[in-house]
């Protein structure tokens with residue numbers, strides 16, 4: 001008695017189209033995710049972490065956080081005690097001086113017809129506690145900046 005079932009050849013996986021898709025995604029990500037550098041004046045009291053990234057600088061609002069103070073542009077807007085934030089700021093969830101200064105800087109940049117996206121460059125000392133950097137970033141976010149760049153030193 002012969003079976004009427006057809007014997008099918010083994011199924012082969014076609015990876016060519018899958019490889020094409022991954023190549024396209026990779027190229028897209030490489031084009032979209034580039035290093036973005038912004039022009040800023042380095043605060044000499046901030047010890048930045050090293051990096052080997054190369055690029056050109058573009059204008060941005062600069063916030064420098066050292067172990068002694070927080071500066072927006074060239075103005076000191078908050079004093080720190082050895083890099084620590086006060087309990088009052090922690091309870092409030094923000095550093096009010098930073099919020100006000102960053103809002104002013106944002107308003108001044110809005111008057112300039114550059115057409116570039118609003119970016120904030122943070123220079124944070126590498127020895128700062130996370131809580132301090134978090135509160136500064138949160139304060140900048142409350143002032144209207146949702147895109148940040150962290151400044152590093154070229155190796």
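Consider residue 121 carefully, then state whether it is under 16 Å from residue 43 (Cα atoms) and outside any loop (DSSP other than H, G, I, E, B).
Details: under 16 Å from residue 43 (Cα atoms): yes; outside any loop (DSSP other than H, G, I, E, B): yes.
So residue 121 passes the test.
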- Item | Residue count, the stretch 135-151 (criterion: more than 11 Å from residue 65 (Cβ to Cβ), free of Cβ contacts under 8 Å to residues at least 24 places away in the same chain and part of a helix (DSSP H, G or I)) | 1
- Task: Can you confirm whether the stretch 32-40 contains a residue that is part of a loop (DSSP other than H, G, I, E, B), more than 18 Å from the chain's Cα centre (by Cα) and modelled with pLDDT under 75?
- Result: no
- Does the stretch 62-86 hold any residues that are more than 14 Å from residue 134 (Cβ to Cβ), touching a residue at least 40 places away in the same chain (Cβ under 8 Å) and in a loop (DSSP other than H, G, I, E, B), and which are they? 66, 67
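For the stretch 6-31, give me each residue that is in a loop (DSSP other than H, G, I, E, B) and at pLDDT 75 or above. Walk me through it before giving the result.
Pass one, the stretch 6-31, residues in a loop (DSSP other than H, G, I, E, B): 6-15.
6, 7, 8, 9, 10, 11, 12 - these are the residues of the stretch 6-31 that are in a loop (DSSP other than H, G, I, E, B) and at pLDDT 75 or above.
The values are calculated or read from the model by the stated rules, or taken from the named source; none is laboratory data. The structure presented is a predicted model; accordingly, all values stated were derived computationally and were not measured. Reconstructed Cβ throughout: ideal geometry from the backbone, glycine too, with neighbour counts over all protein chains shown.
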